[in-house]
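*Asks:* Sending over a structure as structure tokens; questions will come in a sec.
The values are calculated or read from the model by the stated rules, or taken from the named source; none is laboratory data. Keep in mind it's a predicted model, so treat the numbers as computed, not measured. Cβ placement follows ideal geometry from the backbone for every residue including glycine, while neighbour counts extend to all protein chains displayed. We work out accessible area using only protein heavy atoms, side chains counted, and drop any ligands, DNA or RNA first. Shrake-Rupley method; radii C 1.70, N 1.55, O 1.52, S 1.80 Å.
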Amino acid sequence: MERMVWEQGGRFRQAFGEVRGLRHFFSPGRVNIIGEHLDYNGGYVFPAALSLGIAAAVRFNERPAVRMRSSGFPGEHTVPLDAPIENDGSRGWWNYPAGVIAHLARSGARLTGADIYFHSTLPDGSGLSSSAAIEVLTAYAMLSAGGGGAFDDDERIRIALLCKKVENEFIGVQCGIMDQFAVAMGKPHHAILLKSDTLGYERVPLRLRDHSLVIMNTNKPRKLSDSKYNERRRECQQALDEISRIHPLASLAEAEAGDIEGISGETLRRRARHVATENGRVLRSVELLKNNDLDAFGRLLWESHRSLRDDYEVTGAELDALVEAAMAASGCIGARMTGAGFGGCAVALVRTESLEPFTAAVGPRYLKATGLRADFHVAEIADGVREILPGGP
Ligand code: GLA
């Protein structure tokens with residue numbers, strides 16, 4: 001982090017000049033271990049925060065505006081604090097921090113002018129939640145203007161909820177709460193078992209012993225707003241409505257085999273089956289991890305992938321090829337796509353001593369199947385959003 005702070009200081013000076021009083025914030029990306037497409041179905045999810053993420057160097061000032069620059073996007077973008085802020089298509093990526101500032105203002109937060117420089121270490125379009133990271137980072141930094149001090153869990157959950165609202169209402173993606181919650185609440189070496197409708201949660205130690213969690217990037221970019229994400233949401237609502245006419249249910253994640261059989265359309269039946277079976281897999285995974293049964297946990301990862309491929313249909317040729325190549329490599333005991341799907345990343349549970357032969361086998365096999373080069377990265381499970389204080393971690 002010291003190096004990051006030093007480099008960010010240099011970038012900020014180049015962009016804005018003065019660095020006196022500069023403060024540094026960092027928000028991680030996330031990886032979802034298991035429990036996919038459940039957070040808008042009232043189910044359990046099991047994500048973790050990563051050491052990769054987005055840094056912000058921030059200098060607060062007395063001006064009624066927030067000026068922003070980023071190493072990933074050209075130009076400077078200014079958001080006024082004394083005028084209404086609306087989504088503006090021509091603003092592109094800047095709509096994320098702008099939307100957060102707009103929603104903070106609407107929520108009555110007292111906002112201070114600032115210059116902000118963003119720098120990301122998350123691979124672009126990789127599905128590791130760069131949008132949740134930039135949202136939660138902007139909210140956390142803007143709310144820190146008045147003083148220091150870490151936010152407690154309740155305040156972090158409020159930030160996550162505000163950022164989800166930004167994504168739903170300002171950006172227009174009907175995502176659930178998982179990503180914002182994970183990047184706000186992560187802890188090193190822990191994944192978060194989160195019940196998405198009640199927001200009840202438990203941090204569970206992710207003890208992988210002699211195995212590592214490998215993040216594998218298909219390098220097929222995906223964009224949530226372009227994807228079939230909102231369509232899946234609608235299908236799940238239809239399935240729930242159908243079941244509820246006969247057997248009222250609070251959420252689709254609670255559907256039982258009998259409920260699902262009663263759904264009239266074959267597609268909707270498969271969507272509901274994924275949701276209900278995946279929910280069971282999350283709870284079994286947490287039990288297995290607590291009992292150190294990694295082999296059985298690995299099998300559930302693979303079952304999850306098959307369910308996302310066959311019943312939920314959100315994988316696509318690249319994710320399937322990468323996960324199949326991983327499953328065929330020795331030392332791998334389970335693999336699945338992670339995140340929304342349609343591209344982005346997959347995860348594999350691999351014996352740590354086999355990491356090198358694993359990537360040496362999977363990379364070429366994937367390249368041959370798709371013409372794309374995969375990237376591999378051993379996941380380091382880290383803290384949620386935070387201010388980086390001098391001498392701190
Ligand atoms: C995206 C969304 C999340 C969640 C996942 C799928 O990451 O932002 O809310 O629905 O897809 O599990």
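*Asks:* Calculate, for Trp93 and Val378, the FRET efficiency according to 1/(1 + (r/R0)^6) with r their C-beta to C-beta distance and R0 30 Å; round to the nearest 0.05. Don't skip to the end; give the middle numbers.
*Replies:* On the way: r = 28 Å, r/R0 = 0.93.
After rounding, the FRET efficiency stands at 0.60.
*Asks:* Among residues other than Ile215 whose Cβ falls under 13 Å from its Cβ, what is the net charge (Lys/Arg +1, Asp/Glu -1)? Show your work: numbers first, answer last.
*Replies:* Working: positive: Arg30, Arg336; negative: Asp375, Glu380.
Here the charged neighbours net out to 0.
*Asks:* Is the shape of the range 211-378 best called rounded, prolate or oblate, per the rule: a/c under 1.5 gives rounded, else a/b larger than b/c gives prolate, else oblate, with a ≥ b ≥ c the square roots of the Cα gyration tensor eigenvalues? If you can, show how the numbers build up before the last one.
*Replies:* Values: a/c = 2.87, a/b = 1.61, b/c = 1.78.
Cα axes put the range 211-378 in the oblate bin.
*Asks:* Based on the Cβ-Cβ distance of Asn61 and Leu389, what FRET efficiency does E = 1/(1 + (r/R0)^6) give at R0 = 30 Å, to the nearest 0.05? Present the calculation step by step, with values, prior to reporting the outcome.
*Replies:* Details: r = 21 Å, r/R0 = 0.68.
Using R0 = 30 Å, I get an efficiency of 0.90.
*Asks:* Now, a different point. Compare Phe376, Phe25, Phe16 in a GNM of the chain, Cα atoms joined below 10 Å, and give the one with the largest fluctuation.
*Replies:* Highest fluctuation among the options: Phe16.
*Asks:* Among the trypsin sites (Lys or Arg not before Pro) within the range 1-104, which fall in a DSSP loop and have no more than 12 other Cβ atoms within 10 Å of their own Cβ? Could you put the intermediate results ahead of the total?
*Replies:* Working: sites: Arg3, Arg11, Arg13, Arg20, Arg23, Arg30, Arg59, Arg67, Arg69, Arg91; in loops: Arg20.
Those that pass, being in a loop and sparsely packed, are Arg20.
*Asks:* Quick one: order Trp6, Trp302, Trp94 from most to least accessible surface, probe 1.4 Å.
*Replies:* On the way: Trp6 195, Trp302 60, Trp94 20 Å².
Descending accessible area places them as Trp6, Trp302, Trp94.
*Asks:* If I take R0 = 35 Å and measure r between the Cβ atoms of Ser107 and Lys228 in this structure, what FRET efficiency does the formula 1/(1 + (r/R0)^6) give, to the nearest 0.05?
*Replies:* 0.65
*Asks:* Something else now. If you stretched the chain out fully between Glu202 and Leu283, how much longer would it get, using 0.36 nm times the residue separation minus the C-alpha to C-alpha distance? Don't jump to the answer; show the numbers that get you there.
*Replies:* On the way: separation 81, 0.36 × 81 = 29.16 nm, distance 1.19 nm.
Once the chain is fully extended between Glu202 and Leu283, it gains 28.0 nm.
*Asks:* Then there is this: Leaving out same-chain residues fewer than 8 places away, which lysines sit with a Cα under 27 Å from that of Lys195?
*Replies:* Filter leaves Lys164, Lys165, Lys187, Lys223, Lys228, Lys290.
*Asks:* Then there's this: For Glu313 and Ser264, calculate 0.36 nm times their separation in residues minus their Cα-Cα distance, and state this gained length in nm to one decimal. Spell out each step's value before the answer.
*Replies:* Values: separation 49, 0.36 × 49 = 17.64 nm, distance 1.86 nm.
Extending this stretch completely gives an extra 15.8 nm.
*Asks:* Still on this structure, I have one more. Count neighbours as other Cβ atoms within 10 Å of each site's Cβ, and list the trypsin sites (Lys or Arg not before Pro) in the range 133-208 that are DSSP loop with at most 16 such neighbours. Show your work: numbers first, answer last.
*Replies:* On the way: sites: Arg156, Arg158, Lys164, Lys165, Lys195, Arg203, Arg207; in loops: Arg207.
Those satisfying the criteria are Arg207.
*Asks:* Sticking with the crude label model, points 7 Å out along Cα→Cβ, report the distance from Arg245 to Glu353 in nm, one decimal please.
*Replies:* 5.9
*Asks:* Who wins for biggest fluctuation among Asn32, Asn41, Asn230 in a Gaussian network model of the chain, springs between alpha carbons below 10 Å?
*Replies:* Asn230
*Asks:* May I pose another question? In nanometres, what is the gap between the two model label sites at Leu161 and Arg209, each 7 Å from Cα along Cα-to-Cβ?
*Replies:* In this crude label model, Leu161 to Arg209 measures out at 4.0 nm.
*Asks:* At Glu7 and Leu367, where each label point lies 7 Å from the Cα along Cα→Cβ, what is the point-to-point distance in nanometres?
*Replies:* That separation, rounded to one decimal, is 2.6 nm.
*Asks:* In percent, how large is the relative contact order of the chain, given Cα pairs closer than 8 Å and 6 or more residues apart?
*Replies:* Working: 819 pairs, mean separation 92.8, N = 393.
Normalised by residue count, the contact order of the chain is 24 percent.
*Asks:* While we're looking at this one, here's another question. Would you kindly find the accessible area of His274, with a 1.4 Å probe and non-protein molecules such as ligands, DNA and RNA excluded, rounding to the nearest 10 Å²?
*Replies:* Answer for His274: close to 0 Å² accessible.
*Asks:* OK, next. Read phi for every residue in the range 127-132 and hand back ³J(HN,Hα) as whole Hz from Karplus 6.51 cos²θ - 1.76 cosθ + 1.60, θ = phi - 60°, with x for Gly and Pro.
*Replies:* Going residue by residue, I get x, 9, 6, 5, 6, 5 Hz, with x marking Gly and Pro.
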